[in-house]
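Everything on this sheet refers to the single structure shown next.
The values are calculated or read from the model by the stated rules, or taken from the named source; none is laboratory data. Computed from a predicted model, the values in this text were never measured in an experiment. Here the Cβ positions follow ideal geometry from the backbone for every residue, glycine too, while neighbour counts run over all protein chains shown. All accessible areas refer to the heavy atoms of the entire protein, side chains included, with ligands and DNA or RNA removed. Shrake-Rupley method; radii C 1.70, N 1.55, O 1.52, S 1.80 Å.
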Amino acid sequence: MADRDAFLQRLAAGMHHGFALDWQHNGISHAWPGQSLWARAARIKTRWRRSKLLPGARVVVSIPNSPAYVAYMLACWMGGWTFCPLPNLHPQETRRRLQRLQPALWIHYSAQRLQEIPCNGLPQEDLDAALIMWSSGSMGAGNAYRLRFSALQWQVDAHLPALQLSTDSLIWNTLPWAHVFAGVLELLTAGIAGSVIQVNAQRARHPPPDCTHLFTVPRIARLLDQQQIGALEGGIIGGAPLGTQLAEQLQGSKLRVGYGQTEAGPGITLGLPGEFHPFILGFPLVQCTIAGGTLRYQSPGQADAFLDASGWQNMPQEQGWRNSGDEVYQNPQGCLYWLGRHDGGFSLANGQSVRSEAEEARLMDVYPQADSIVLGAPGSRHLSVVANVSEAQKAAFIRHWHEPYRLHVPGQTFWEKAPSSQGKPNRRWLYENWPE
């Protein structure tokens, strides 16, 4: 309880002294000062208490980035409820996660209306939990991880000094806050620093002219030109490996590379401003070791448990070390570089072993029109590619394809069926439904 009160007090100070959402919907800009969001959250808290929502209950929120998202998050913390954000998912995956979470309340959009749906969930023993966040589950179903207020406090303290955020900062939002990267390192650091976040409901492809900071993934960073990158005063590029072309594009800027995982809460490394090389992860913010080529870490900001069908389970550790599953190496200066996922390889029908991540990063560099490119060959002797490309970009993408892999560009109906979380396609589903 003390950790929650201390974190809320710190967040309240930033919300009342500069923080605001510049929320742009249908071409119209709506200004939401932090004071208004705080007052809206207080009204929601009062209403929920009157409706007998018991302390310790879980509240699932399945809505886009918006003033409502922030207000519901704050209301949960004010009232002692656990905030459980869900990204936009396939309905079947949403049902699975709701069954796992057992919430008392589910908030989502239905028929263009924001609805609060009472559920049968009872208060849970979540030990002063702040957030329950989900991993992307690119090789299978995502897992739910519990982050306490003490972990959030550590993440903010570890990253704010490097980010140089202030009340004069304007952050361009590109990622869903239901993703732990944006939900912690963008939203919470901006809230405490009193910065402004611009949220465009229609997902603008370019930052505003006065944008100062950016927290995003390589797929978005590739769309920026050198003038836009040079105007930024700070931010983090993370969430996926960097290829050669993008690393050269970002070299010398004021941005930093960052690495982490949902279960790391999210950040465990950070690069120096403007230091970008292919597959760079940055310098450890926590205790790290490399055992058998795989990164292991201990972090005060990490999740303390994961949720399965029988309840909370302790995170698997080896003598106190958390296994990241990422194969890395460290240069003499202490900077970490990524080599691939421990479980990311596969074999061709002729027995040849393939590690696809580096080649996929190169392809995304060369073909930035694609939302995602997956290299695979289920049951085949030859590699092929499945690319997610919008209908508007499809013809140009196919025309410019000059690679030694057979190309498949399925229509959007294919991708609507493909389970995905936070922008990452589910590889296991793709391998089982490969177009060949």
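Selection of segment 420-436 for residues being outside any helix (DSSP H, G or I) and either modelled with pLDDT under 70 or open to solvent by 50 Å² or more (accessible area, probe 1.4 Å) (or both) yields SER420, SER421, GLN422, GLY423, LYS424, ASN433, PRO435, GLU436.
Restricting attention to segment 111-127, which residues are part of a strand (DSSP E or B) and not basic (Lys, Arg)? It would help to see each step written out before you state the result.
Here is the first cut: in segment 111-127, the residues part of a strand (DSSP E or B) are 113-118.
Correct list: LEU114, GLN115, GLU116, ILE117, PRO118.
Note on segment 187-275: no enclosed helices (runs of 4 or more DSSP H) hold 3 or more residues that are aliphatic (A, V, I, L, M) and outside the structural domain of ALA130 (by the TED database). Return yes or no: is GLY345 over 24 Å from LEU295 (Cβ atoms), surrounded by fewer than 16 Cβ atoms within 10 Å (Cβ to Cβ), modelled with pLDDT under 90 and not charged (D, E, K, R)? Against the criterion (over 24 Å from LEU295 (Cβ atoms), surrounded by fewer than 16 Cβ atoms within 10 Å (Cβ to Cβ), modelled with pLDDT under 90 and not charged (D, E, K, R)), GLY345 does not qualify. Among the candidates GLY325, GLY238, the residue that is open to solvent by less than 20 Å² (accessible area, probe 1.4 Å), within 28 Å of GLN164 (Cα to Cα) and under 21 Å from the mean Cα position of the chain (by Cα) is uniquely GLY238.
Screening segment 19-42 for residues that are of a type in the set (Phe, Trp, Tyr) and in contact with a Leu (Cβ under 9 Å, 6 or more places away or on another chain) and picking the one that is most open to solvent (accessible area, probe 1.4 Å) gives TRP32.
Which ones in segment 387-404 are within 18 Å of ASN433 (Cβ to Cβ) and not in a strand (DSSP E or B)? First the steps, then the outcome.
In the first step, residues of segment 387-404 are kept if they are within 18 Å of ASN433 (Cβ to Cβ); the result is 387-389.
Passing the criteria: only VAL389.
Residues of segment 364-404 that are surrounded by fewer than 17 Cβ atoms within 10 Å (Cβ to Cβ) and among the hydroxyl-bearing types (Ser, Thr, Tyr): SER380, SER390. Looking at segment 167-181, is at least one residue of a type in the set (S, T, N, Q), farther than 18 Å from ARG96 by Cα, surrounded by fewer than 20 Cβ atoms within 10 Å (Cβ to Cβ) and in contact with a strand residue (DSSP E or B) (Cβ under 6 Å, 6 or more places away or on another chain)? Looking for residues that are of a type in the set (S, T, N, Q), farther than 18 Å from ARG96 by Cα, surrounded by fewer than 20 Cβ atoms within 10 Å (Cβ to Cβ) and in contact with a strand residue (DSSP E or B) (Cβ under 6 Å, 6 or more places away or on another chain), one finds none in segment 167-181, hence no. Just for segment 250-293: of the residues that are of a type in the set (Gly, Ala, Ser) and closer than 18 Å to ARG341 by Cα, which one is most open to solvent (accessible area, probe 1.4 Å)? Among residues in segment 250-293 that are of a type in the set (Gly, Ala, Ser) and closer than 18 Å to ARG341 by Cα, the one most open to solvent (accessible area, probe 1.4 Å) is GLY292.
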